[in-house]
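Working notes, beginning with the structure itself.
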Amino acid sequence: MAVTTGTMTDEQRKSVALEYLKAFDNGGTTSTGGSILDLFADDAQVYFPKWGIAEGKEEIGRLFGDVGGTLKAIKHDYAAFNWIFSGGDTVVAEGTSYGEHQDGPWRAGVPDWGAGRWCDVFEIRDFLIQRVFIYLDPDYAGKDTDRYPWLASR
């Protein structure tokens, strides 16, 4: 964990989180043409379901390559985000997305039990993401129905 060198407002933390999400929608490129990894502290952590915790930019890059390699396209629904501010370094963003996974398309709410709803918990300090834990259903195309019998009747 890095020592804090500058203070940030909630809106500044939100802008860093938005830049990260928009970079995802743009194939990992930020609005200034940089890499999504430029938004992270050197010792940052990222959690993604079924992948685990990536520590440091190199491993985060591997995680994003693994997950991103399964996606043909992704878009986040920015207008519908729900932001929760802690008054400190933690910011939570809850939202929806749509796109195309290698196994098929998805859109939040279609069907209502399918992928597309997510929640990211960020720690942002010194204008860098220190930690982001991503909570979502990684079965984007909704193919994992055999293990969940209640989905067979839907």
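The values are calculated or read from the model by the stated rules, or taken from the named source; none is laboratory data. If you're wondering where the values come from, they're calculated on a predicted model, not measured in any experiment. Positions of Cβ are backbone-derived with ideal geometry, glycine not excepted, and every protein chain shown enters the neighbour counts. Just so you know, the surface numbers come from the protein's heavy atoms only, side chains and all, with ligands and any DNA or RNA stripped out. Shrake-Rupley method; radii C 1.70, N 1.55, O 1.52, S 1.80 Å.
With +1 on the Cβ of every Lys and Arg and -1 on the Cβ of every Asp and Glu, and nothing else charged, how large is the dipole of the chain about its Cα centre, in debye rounded to the nearest 20?
380
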Working out 0.36 nm times the residue gap between Thr70 and Arg117, then minus their Cα-Cα distance, what length gain in nm do you get to one decimal? 15.2 nm
In units of 2.2 N^0.38 Å, the Cα radius of gyration of the chain is 1.07
So, for the range 1-102, what is the accessible surface per residue at a probe of 1.4 Å, expressed in square angstrom? 53
Can you pull the one-decimal nm distance between simple spin-label points at Thr145 and Ser86, each 7 Å off the Cα toward Cβ? 3.9
For Ala115, other-chain or 5+-apart residues with amide H closer than 5 Å (H placed, Pro excluded) are Gly142
Expected sort for 61-69, 116-124, 35-43 on mean C-beta neighbours within 10 Å, highest first, is 116-124, 35-43, 61-69
Rounded to the nearest 10 degrees, the helix 56-68 long axis (Cα) sits at an angle to the longest Cα principal axis of the chain of 20
Summarise the accessible area of the chain (1.4 Å probe, protein heavy atoms) by the percent that is carbon and sulfur. 51
Report the one residue of Thr32, Gly109, Trp51 whose Cα lies farthest in the direction of the positive end of the charge dipole of the chain (charges on C-beta: Lys and Arg +1, Asp and Glu -1; origin at the Cα centre). Gly109
